[in-house]
Amino acid sequence: MTIGRYLLVGIRVALTVEVRVSRRLPRTRAPLALALGAALAVPLALTPPAAAADAYTVTPLKFTVRAGGRACTVDADLYRPAGVDRDHPAPAVLGTNGFGGSKTDGSTDAIGKAFARRGYVSLVYSGLGFGRSGCLISLDDPDIDGAAASYLVDFLGGTRAADDGTTSDFVTRDAPGDPRVGMIGGSYGGAVQLATAAVDHRLDALVPMITWNDLAYALSPNNAVGSGNVPGAFKWQWTNGFYLIGEGQPLLQPALDPSRINSLSCLHFVTEACRTVHTLNSGSYPADRTAELLAFARRVSPVSYLDRVDTPALLVQGQADTLFNINEATATYRALKAGGTPVKMIWQSWGHSGGLTGPAAAGELDLTKGNLETSYVGRRVLAWFDRHLRKRPHIDTGPAFAYHRDWITDPDRAYATAEHLPALSRTLYLSGDGKLVDNRRKVARGSRGYTNGLIPTSHSESSLAGLIGLPDPPPSDTEGTYLDWTTPPLERPLDVVGAPRATLKVVSPKAERTQNSSDAADKLVLFAKLYDVAPDGTRTLVRRLVAPVRVPDVTRSFTVTLPGIVHRYETGHRLRFVIAASDDAYFGNRGIKPVTVVSGPGDTGVLRLPVVGS
């Protein structure tokens, strides 16, 4: 697809997002809308509401903040429960929108209502550059977006007034100017929590949902272990959809605050963000531009500042998410844990790419429905806030790790728990005859090859199809442009929970000749993925997830970390591992680069799986 065509797709997204957000999308599209600031659906619950439904007042507030060298307004709503005053203070919950949303969208507004009904003072606001808040879109930069949120913490702590003089003397405080406050939100409203905690240590609890660890990985993932500063394959559909949403703000929000205007070449983002997108779209990654891209993307990402976060965090990530996959939350979890920060993690079913429907969805959190007490994730969130905001040490906040199992329809049994992430416990070998075998001695000697075309020949997903109302064809691969290895029919169910790893060695003389170019785009690109093959031959690409790889050096073996999954391969099904030459949701190889894979008992590829229950 040409650049012009995908820009038109992005423009169509920008024009349609606000209309679709306002319609309470069906659950299959709600996570897509969340990515752009719509329905934040999630499972929560524990303490009964402190007051009757709607027993709270809502006060619109404006705050003038200074962020990124600009003074601008933050538009907020203060939800104050009945009976909360100076003599009867309550802890506070702070929340903001996903990308493209505002304080009034269904998910952000739901945060204010849900927690006010449960006795918390709630302050929800439109993030910088969205709704009626000013300043440029700066991708949750701690020094900009984090600093702006810190102004609101000042208000809750009683050291700063709103622009109209409104003050807060009814929030529980641990010390003068130090309010008892937690944050919750999803996607763009998830990363800002970590950004705020990095610059303001007064926060007491975080619940970041379906968000990122490293924007460099999220936008141009390279799943090769130790890839360092080698960029991956540009995720052009997701990235350009968001970019056009941001640049198209005048279409969504007339009469913009002047502080939201940058320049003609970069309307509403900070300049570095526009340069990053322009470099990715160019398809050319010379060393200087690559270094600039990676430096900015990582500087504004949790990966670069988690060592400054000490606020207890409950991470909630979605299994159905090709934008920010499970690996993102896993990286954040491990970094916080290594630094001694209290942290727990839940892998729920839904994410930016969809979710469950029917009976299996009954137990999943949907804040727009207020089902905090009746969903597993909801109960965990309320317990987290009860423990850290209400200071109730006897409250059990649950195990270190929990994950939803979509093959169990009983919502009371759908989540499994553990104190540790599953280890890589099952090893399979890539045989020269296309089989995936459980013993190296079973590997047949042989070689097979594929080549890429000038246009993508494999399809995993149309990232924005659900949002703009288009059907998404099933995943497919064109013969001759991929290789696969398949197990025999399984004799018992196989539960894979976590991120599989594959160690590969490929032969590609053409790639070998070009890989030392000063432009990283000349390196070989391939896509690894796992299918579930039913007895009737029907293939399912698990959660439509793929692992793009820009191979660091084709003369050496390399290891690929696939996106994390929670999937049961039923008895009689077969597991199929595929490497493909392309994927139409990503930018791939520059030029034709044939690939051969040689296998033998003493030297072959290996696939390792995190298997539970066996």
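Do you know which of the residues in region 139-149 that are in a helix (DSSP H, G or I) and buried (at least 23 other Cβ atoms within 10 Å of the Cβ) is farthest from the chain's Cα centre (by Cα)? Result: 148. Are any residues in region 307-343 in contact with a Gly (Cβ under 8 Å, 6 or more places away or on another chain) and farther than 20 Å from residue 496 by Cα, and if so, which ones? 307, 309, 310, 323, listed by residue number.
Quick grid of which residues meet (1) in contact with a Phe, Trp or Tyr (Cβ under 7 Å, 6 or more places away or on another chain); (2) surrounded by 21 or more Cβ atoms within 10 Å (Cβ to Cβ); (3) closer than 17 Å to residue 211 by Cα; (4) of a type outside the set (Asp, Glu):
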| position | (1), (2), (3), (4) |
| --- | --- |
| 87 | no, no, no, no |
| 99 | yes, yes, yes, yes |
| 110 | no, yes, no, yes |
| 118 | no, yes, no, yes |
| 121 | yes, yes, no, yes |
| 137 | yes, yes, yes, yes |
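All conditions in (1) loosely packed, with under 12 Cβ neighbours inside 10 Å; (2) touching a strand residue (DSSP E or B) at 6+ places or on another chain (Cβ under 7 Å) hold for residue 417, with the sole exception of (1).
Search region 541-581 for residues being of a type in the set (Lys, Arg) and under 19 Å from the mean Cα position of the chain (by Cα), and hand back the single one that is surrounded by the most Cβ atoms within 10 Å (Cβ to Cβ). For region 541-581, the residue satisfying everything is 543.
Residues that are polar (S, T, N, Q), assigned to a helix (DSSP H, G or I) and either over 27 Å from the mean Cα position of the chain (by Cα) or closer than 17 Å to residue 499 by Cβ (or both) occur at least once in region 514-523. Set side by side, the residues 127, 190 differ, and just one is part of a helix (DSSP H, G or I), buried (at least 24 other Cβ atoms within 10 Å of the Cβ) and of a type outside the set (D, E, K, R), which is 190. Quick check: is even one residue across region 215-223 aliphatic (A, V, I, L, M), in a helix (DSSP H, G or I), modelled with pLDDT under 95 and closer than 23 Å to residue 69 by Cβ? Checked region 215-223: no residue is aliphatic (A, V, I, L, M), in a helix (DSSP H, G or I), modelled with pLDDT under 95 and closer than 23 Å to residue 69 by Cβ. Taking region 325-358 as the range and being closer than 18 Å to residue 462 by Cβ and either assigned to a loop (DSSP other than H, G, I, E, B) or aliphatic (A, V, I, L, M) (or both) as the test, the residues that pass are 325, 352, 353, 355. If you take the residues of region 298-311 that are within 25 Å of residue 565 (Cα to Cα) and in contact with a Ser or Thr (Cβ under 7 Å, 6 or more places away or on another chain), which of them is surrounded by the fewest Cβ atoms within 10 Å (Cβ to Cβ)? Filtering first and then ranking leaves 298. Annotation note: of 381, 443, the sole residue that is in the same structural domain as residue 498 (by TED's automatic domain parsing), out of contact with any His (no Cβ under 9 Å at 6 or more places or on another chain) and over 19 Å from residue 529 (Cα atoms) is 443.
Quick check on my filter: what residues within region 498-540 are on the phi > 0 side of the Ramachandran plot and surrounded by fewer than 18 Cβ atoms within 10 Å (Cβ to Cβ)? Hit for region 498-540 is 537, nothing else. State yes or no: is residue 154 of a type in the set (D, E, K, R), at pLDDT 95 or above, part of a helix (DSSP H, G or I) and under 24 Å from the mean Cα position of the chain (by Cα)? It is false that residue 154 is of a type in the set (D, E, K, R), at pLDDT 95 or above, part of a helix (DSSP H, G or I) and under 24 Å from the mean Cα position of the chain (by Cα).
Find all pairs meeting these conditions: Cβ atoms under 7 angstrom apart; at least six residues apart or on different chains; first residue within region 335-348 and assigned by TED's automatic domain parsing to the domain that holds residue 211 and buried (at least 16 other Cβ atoms within 10 Å of the Cβ); second residue among the small types (Gly, Ala, Ser) and modelled with pLDDT of 95 or more. Hits for this filter: 336/313; 341/313; 343/313; 344/398; 344/400; 345/329; 346/402; 348/318.
Across region 481-507, the qualifying residues are those that are under 29 Å from residue 226 (Cα atoms) and either outside any strand (DSSP E or B) or acidic (Asp, Glu) (or both), and the one among them that is nearest to the chain's Cα centre (by Cα) is 499.
Scanning region 265-289 for residues that are over 24 Å from the mean Cα position of the chain (by Cα) and outside any helix (DSSP H, G or I), we see that the one that is surrounded by the most Cβ atoms within 10 Å (Cβ to Cβ) is 285. Tallying residues that are under 30 Å from residue 505 (Cβ atoms), part of a loop (DSSP other than H, G, I, E, B) and out of contact with any strand residue (DSSP E or B) (no Cβ under 7 Å at 6 or more places or on another chain) within region 228-252 yields 4. Looking at 33, 67, just one residue is at pLDDT below 95 and touching a Cys at 6+ places or on another chain (Cβ under 9 Å), and that residue is 67. Selection of region 425-444 for residues being under 14 Å from residue 603 (Cα atoms), small (Gly, Ala, Ser) and either buried (at least 17 other Cβ atoms within 10 Å of the Cβ) or under 35 Å from the mean Cα position of the chain (by Cα) (or both) yields 431, 432.
The values are calculated or read from the model by the stated rules, or taken from the named source; none is laboratory data. Remember, it's a predicted structure, so these values are computed and weren't measured experimentally. Glycine gets a Cβ as well: all are built from the backbone with ideal geometry, and neighbour counts include every protein chain shown.
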